[in-house]
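Below: one structure, written as structure tokens.
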Amino acid sequence: MSLHRRLFLAAGATVAAPTVWAQAGHAHHHPASHGAGHPPLPVAPPSAEPYARLRDGQPHHLTPDQTAQRSFQSPAPAGPPGRWITRAALPIPRSEMAWATEWAGRMHVIGGYGEGRVDRGYHHVYEPRTDTWFNAAALPRGANHVAVVADKGRIYAFGGFIEQNRNPDNHAYVYEVGQDKWVSVAPLPRPRGAAAAVALDGKIHLIGGAGAPTDERASVGWHEVYDPQADRWSRRKALPGGRDHVGCVAWQGRIHVIGGRFNTFEYNTDLHHVYLPERDTWELRAPLPVARSGHGLVIYRDRLFAMGGEGGIINRAGQQTVFGQMESYDSRSDSWQAHAPMPTPRHAVAAVTIGDAIYVAGGGAVLGGGVQSAVHEAYTLG
């Protein structure tokens, strides 16, 4: 389970749009206006149901045992708490997008689980100024745990799984934001899903994930770089300790890979590696205070913020956890602090920073992929 993208994954150039706390529930009344670089898109009304089951796509109400999976406490020193506010729900409950990306002040949420299937090509776009969701061109081939990142007016979508968190894909696509269309580019050298994608100096780094064969689904440390100008892949030094479902961002010319899992969420890690491109090497930094995977990771106010995630053992009561912790990292002091946790703990979330807020949409509401969420909450220190 996720991402991210992912980004949930945060990535690419960011054009900060002014944040307006519009009234949720009125999104479908707004016209299909378009932001910088975006064509007009059809409005997608928010979901009326917060949760849905994967097996049949039907609405679901969390049981007491499922609610008991939630975890909120962090061992990190307390920082400024900040506050969370409810935003317009996703158009449908979904998860395992891996994770999300931002371009020109809008959040793009691509692929994942939803409506009873795991190979969706959904592409929902969120405009915070009007608290509105739009439908954009779907992925040419649906998948879950697709690595996505935005850079220079394009959104890159790499790999993913065709089955539920397994059977990796090597497809690679670029979405031309100004034209609302996808085109195929050079496929991945090796198929994988639940990898992390970040943009750095005009190139796209694809790191970690899980590969083939499908029946093993083992985590990998592969580090491959896509050159959009040459439409070509090359290799860089592998991530120490192959893992998937990580948090990953590019910050101040470095790439941070934080947390994740070794093959399964029973073996989560708190590892924090930073990649130094000028030396093509990795170094350790202060570990994530709460080991987890499928969490969001974004840059906000010159800090790295990690939220959500999951861990534990499926079908074992008392050992299933969905994390709500919100923790941030300061690269100057190499230290972490804790903030107000997510009101609704989730994993495999879509998380991005736009303006002076972090937007966290969708994700799994229980351990594993069985229950999707349309919940959308925003955090600010403002």
Inset, instruction - Distance from a point 7 Å along Cα→Cβ of residue 56 to each backbone N in the range 85-112: keep the residues under 18 Å and list them by number. - result: 93
Legend entry - Sorted by Cβ neighbour density within 10 Å, fewest at the top, the residues 326, 107, 97: 107, 326, 97
Legend entry - the range 209-318: GluC sites (Glu not before Pro) in DSSP loop, at most 13 other beta carbons within 10 Å: 216, 278
Inset, instruction - Compute the Kirkwood hydrodynamic radius of the range 239-306, taking the inverse of the mean of 1/r over all pairs of distinct Cα atoms, and give it in Å to one decimal. - result: 12.1
Legend entry - Residues 154, 243, sorted so that the one with the fewest Cβ neighbours within 10 Å comes first: 154, 243
Legend entry - Overall form of the range 109-167 per C-alpha gyration tensor (a/c, 1.5; a/b vs b/c): oblate
Legend entry - Anchor residue 203: lysines whose Cα lies under 18 Å away (excluding residues fewer than 8 positions away in-chain): 152, 237
Legend entry - Largest-first ellipsoid semi-axes for the range 27-380, taking √(5λ) over the Cα gyration tensor eigenvalues, angstrom: 25, 25, 21
Inset, instruction - Kindly write out, for the range 303-312 in residue order, the coupling ³J(HN,Hα) from the Karplus curve 6.51 cos²θ - 1.76 cosθ + 1.60 (θ = phi - 60°), rounded to whole Hz, with x marking Gly and Pro. - result: 10, 9, 10, 10, 9, x, x, 8, x, x
Inset, instruction - Could you tell me which of rounded, prolate or oblate describes the range 197-266, using a ≥ b ≥ c as the square roots of the eigenvalues of the alpha-carbon gyration tensor, with rounded for a/c under 1.5 and, failing that, prolate when a/b is larger than b/c and oblate otherwise? - result: oblate
Legend entry - Antiparallel DSSP beta bridges within the chain, percent to nearest 5: 95
Inset, instruction - With runs of 4+ DSSP H residues as the only contributors, calculate the mean residue ellipticity of the chain at 222 nm using -39,500 (n - 2.57) per run, divided by the residue total and rounded to the nearest 500. - result: 0 deg cm²/dmol
Inset, instruction - Sort 113, 122, 359 so the one with the fewest other Cβ atoms within 10 Å of its own Cβ comes first. - result: 122, 359, 113
Legend entry - Sequence ranges 72-79, 187-194, ranked by mean other-Cβ count within 10 angstrom, highest first: 187-194, 72-79
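Taken together, the values in this text are just the output of simple stated rules run on the coordinates, not laboratory data. Only a predicted model underlies this, so the values are computations on that prediction, with no experimental measurement involved. Please note: Cβ atoms are built from the backbone with ideal geometry, for glycine as well, and neighbour counts cover all protein chains shown.
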